[in-house]
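These notes concern the structure reproduced below.
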Amino acid sequence: QVQLVESGGGLVQPGGSLRLSCAASGSVFSINAMGWYRQTPGKQRELVARITGGGNTNYADSVKGRFTITTDIAKNTMYLQMSSLKPEDTAVYYCHLQLIGAPDYWGQGTQVTVSS
């Protein structure tokens, strides 16, 4: 079993920054990829950023140049550094873990609100 715990969400003004963390515990082996998704009411969950086990990254067009996804393998932790935040970035952000040969795992979500 794997548990994912997100932290770092909150209220921030437009133009501000936040860093989200996702700590993984349990049987974390053979990581295929990890990622951040976000969801707003009435909309489908969308990919924000993804990083593979080999370190390749990809981002949604809407966050390119503003968000950076990184991992600390020693701590089994993934981060999302968010800068130049906009009101449209407001959403619940979810951590996702894809293991090779195992089910996907999701965190419980953390609210990010960008508002003045």
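Residue pairs whose Cβ atoms lie under 8 Å apart, sitting 6 or more positions apart in sequence or on different chains, and linking a residue in the range 31-43 that is modelled with pLDDT of 95 or more and aromatic (F, W, Y) to a partner that is part of a loop (DSSP other than H, G, I, E, B) and open to solvent by 60 Å² or more (accessible area, probe 1.4 Å), are Y37/R45. When the range 27-38 is limited to residues that are surrounded by 12 or more Cβ atoms within 10 Å (Cβ to Cβ) and of a type outside the set (A, V, I, L, M, F, W, C), the one that is farthest from the chain's Cα centre (by Cα) turns out to be N32. Here the condition is being under 22 Å from S115 (Cβ atoms) and outside any helix (DSSP H, G or I); of Y79, Y37, it holds for Y37 alone. When the range 61-76 is examined, which residues are found to be modelled with pLDDT of 95 or more and either in a strand (DSSP E or B) or in contact with a Phe, Trp or Tyr (Cβ under 8 Å, 6 or more places away or on another chain) (or both)? Across the range 61-76, the qualifying residues are F67, T68, I69, T70. Within the range 60-81, the residues that satisfy the criterion of being open to solvent by 40 Å² or more (accessible area, probe 1.4 Å) and within 20 Å of L99 (Cα to Cα) are T70, T71, D72, I73, A74, K75, N76.
Within the range 52-73, residues that are charged (D, E, K, R) reach partners that are in a strand (DSSP E or B) with beta carbons closer than 8 Å, at six or more positions or on different chains, in the pairs R66/M82; D72/M78; D72/Y79.
Yes or no: S116 hydroxyl-bearing (S, T, Y), open to solvent by 20 Å² or more (accessible area, probe 1.4 Å) and under 13 Å from V2 (Cβ atoms)? For S116, the condition - hydroxyl-bearing (S, T, Y), open to solvent by 20 Å² or more (accessible area, probe 1.4 Å) and under 13 Å from V2 (Cβ atoms) - is not met.
Reported count of residues in the range 5-20, each being assigned to a strand (DSSP E or B) and either touching a Ser or Thr at 6+ places or on another chain (Cβ under 8 Å) or modelled with pLDDT under 95 (or both), is 7.
The values are calculated or read from the model by the stated rules, or taken from the named source; none is laboratory data. Here the structure is a predicted model, which is why all the values come from computation and not from measurement. Cβ atoms come from the backbone with ideal geometry, glycine included; neighbour counts cover every protein chain shown. Protein only, heavy atoms only, side chains kept; ligands, DNA and RNA dropped before computing areas. Shrake-Rupley method; radii C 1.70, N 1.55, O 1.52, S 1.80 Å.
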